[in-house]
Amino acid sequence: MKVKCPTCDIDVVWSADAAFRPFCSERCKLIDLGDWAAENHRIADKTAIDNQLSEEYLAELEQEFMAQDNEFFQH
Ligand SMILES: [Zn+2]
């Protein structure tokens, strides 16, 4: 049985000897795992940035409301 290496598309014989199946080599396996990890990392980063932005935005809104309140009480 043969499969195609997901990274470089060459035929890999699916056998007990193919230690990195379905990849042709350790390098291709690491590249694929690296891509997957990088993808997850990007998603995690984006979520972190979104959370940070919304927290900053809420803090800003809160400060605006407080400033308006202060003006209201001064007049
Ligand atoms: Zn490969």
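The values are calculated or read from the model by the stated rules, or taken from the named source; none is laboratory data. Keep in mind that what you see is a predicted model, and the values were worked out from it rather than measured. So basically every Cβ, Gly included, is an ideal-geometry build from the backbone, and we count neighbours across all protein chains shown. Side chains are part of the model used for accessible areas, which takes the heavy atoms of the whole protein and leaves out ligands, DNA and RNA. Shrake-Rupley method; radii C 1.70, N 1.55, O 1.52, S 1.80 Å.
Asp9 fails exactly one of the following numbered conditions: (1) within 16 Å of the ligand (Cβ to nearest atom); (2) acidic (Asp, Glu); (3) open to solvent by 90 Å² or more (accessible area, probe 1.4 Å); (4) part of a helix (DSSP H, G or I). What is the number of that condition?
The one condition Asp9 does not meet is (4).
What are the residues in the range 21-53 that are surrounded by 15 or more Cβ atoms within 10 Å (Cβ to Cβ), within 10 Å of the ligand (Cβ to nearest atom) and either of a type in the set (Asp, Glu) or in a loop (DSSP other than H, G, I, E, B) (or both), if any? Write out each step before concluding.
Step one: of the range 21-53, the residues surrounded by 15 or more Cβ atoms within 10 Å (Cβ to Cβ) are 21-25, 28-29, 31-32.
If we keep only those that are within 10 Å of the ligand (Cβ to nearest atom) too, we end up with 22-25, 28-29, 31-32.
The answer is Pro22, Phe23, Cys24, Ser25, Asp32.
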